[in-house]
1. For segment 169-203, how many residues are more than 14 Å from Y248 (Cβ to Cβ), touching a Leu at 6+ places or on another chain (Cβ under 7 Å) and assigned to a helix (DSSP H, G or I)?
2. Quick one: would you say A317 is small (G, A, S), surrounded by 13 or more Cβ atoms within 10 Å (Cβ to Cβ) and modelled with pLDDT of 90 or more?
3. Considering only residues of segment 46-66 that are at pLDDT 85 or above and open to solvent by 50 Å² or more (accessible area, probe 1.4 Å), which is nearest to T190 (Cα to Cα)?
4. Hey, among the residues in segment 7-45 that are touching a helix residue (DSSP H, G or I) at 6+ places or on another chain (Cβ under 8 Å), among the aromatic types (F, W, Y) and closer than 19 Å to A237 by Cα, which one's modelled with the highest pLDDT?
5. Kindly indicate the residue of segment 107-151 that is part of a loop (DSSP other than H, G, I, E, B) and in contact (Cβ under 8 Å) with a residue 12 or more places away in the chain and also surrounded by the fewest Cβ atoms within 10 Å (Cβ to Cβ) among those meeting that condition.
6. Inside segment 73-87, can you point out the residues that are open to solvent by less than 20 Å² (accessible area, probe 1.4 Å) and assigned to a loop (DSSP other than H, G, I, E, B)?
7. Could you please tell me which pairs satisfy a Cβ distance under 9 Å, a separation of 6+ or placement on different chains, a first residue in segment 25-43 that is free of Cβ contacts under 8 Å to residues at least 40 places away in the same chain and open to solvent by 50 Å² or more (accessible area, probe 1.4 Å), and a second residue that is in a loop (DSSP other than H, G, I, E, B) and not small (G, A, S)?
8. Given the options D148, D112, name the one that is touching a Lys or Arg at 6+ places or on another chain (Cβ under 9 Å) and of a type in the set (D, E).
Amino acid sequence: MVWAVSLNVLALVAFKCLGVFVDNALLPMGISFYMFKMISFQADLVRGDVWIKPKLGQVALYFTLFPQVVSGPIMRYHEGEFDQEKILGTEQLEDGMKYFVAGLGMKVLLADRLAILWNDLQMIGFQSISTPLAWLGAAGYSMQLYFDFWGYSLMAIGLGHMLGFHLPRNFESPYMVKSVTEFWRKWHMTLGRFFREYVYIPLGGDGRRAGAENKSAFLNVRNLFLVWLLTGIWHGASWNFLVWGLVYFVLLVLEKFYIHPESFAAASWKGVLWRIFTMSAVLVEWVIFRSNGLKGAGAYIACMFGISGNSFVDGNAVFYAREY
């Protein structure tokens, strides 16, 4: 299995490098999700999580199931029940259309509308925006990304229902959370599950089986570091993606070993403050994720925290707040 997984990873890295350093047209659509499905299938087959030996046609159908190719969700083989006959009817078609229309509405009516705000800020220039407008832009992009990604996932789930497949849920109110840890349990859940099941746990997970407490903590931190390093690299071959992943690693380690926000009562002052911190950190992280390089991200974050010398009062902020 190690060789098979290594070949998949090398193929993914090769295509990513071709797309970045040669021509983006050389990057096949959905290559990351294809490779993730291949890795999960091979690992599940070896571990015995695929209970019935699949036939060639069933495996081919699993790999080429088109609704989830572009943005997920990432389905594991046994979730598709490919060995069972699919009986389609008007009820499945109706349910699928409900999901699809809801997702299409999120994408076209909400995400595409919110995208205008970030584009306008890029035209204005990050060095020239005020602090309120910077926070508004970050919040707008966070909602744009959510409606865009969740919309695509709902459309995929809807198409899956129409074809007789029940694709897993991918989002669960990720902005209604009380910690960064909880955010990543509810944002792109199938991607988080993939890294947990096929990277974090095979590396040793939280290291509890290692014995000594100090060794367990070290292994836990090491495994979290590797997971978030790979998560950042997977999202793109740019320094801002790497920094984005490593900042989340630091935040998660702080919560796990020092802060313990799960112990805060929701209505307590600690709970309220940590909710505010969590959403502020998520917004800053999305700025790093979206910016074209670290220089642009640094300029934008400087505006967010008022250290760029720009105004704290801006008529543009009022205008865009009314628009969106």
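1. Within segment 169-203, residues that are more than 14 Å from Y248 (Cβ to Cβ), touching a Leu at 6+ places or on another chain (Cβ under 7 Å) and assigned to a helix (DSSP H, G or I) number 1.
2. no
3. L61
4. F36
5. By that ranking, first place goes to S130.
6. Within segment 73-87, P73, I74, M75, F82 qualify.
7. Every condition considered, the pairs that remain are Y34/P28; Y34/V69.
8. The conditions single out D148.
The values are calculated or read from the model by the stated rules, or taken from the named source; none is laboratory data. What you are looking at is a predicted structure, and each value in this text was computed from that prediction instead of being measured. Neighbour counts are summed over all protein chains in view; Cβ atoms, including those assigned to glycine, are modelled from backbone coordinates with ideal geometry. For accessibility, only protein heavy atoms count, side chains too; no ligands or nucleic acids. Shrake-Rupley method; radii C 1.70, N 1.55, O 1.52, S 1.80 Å.
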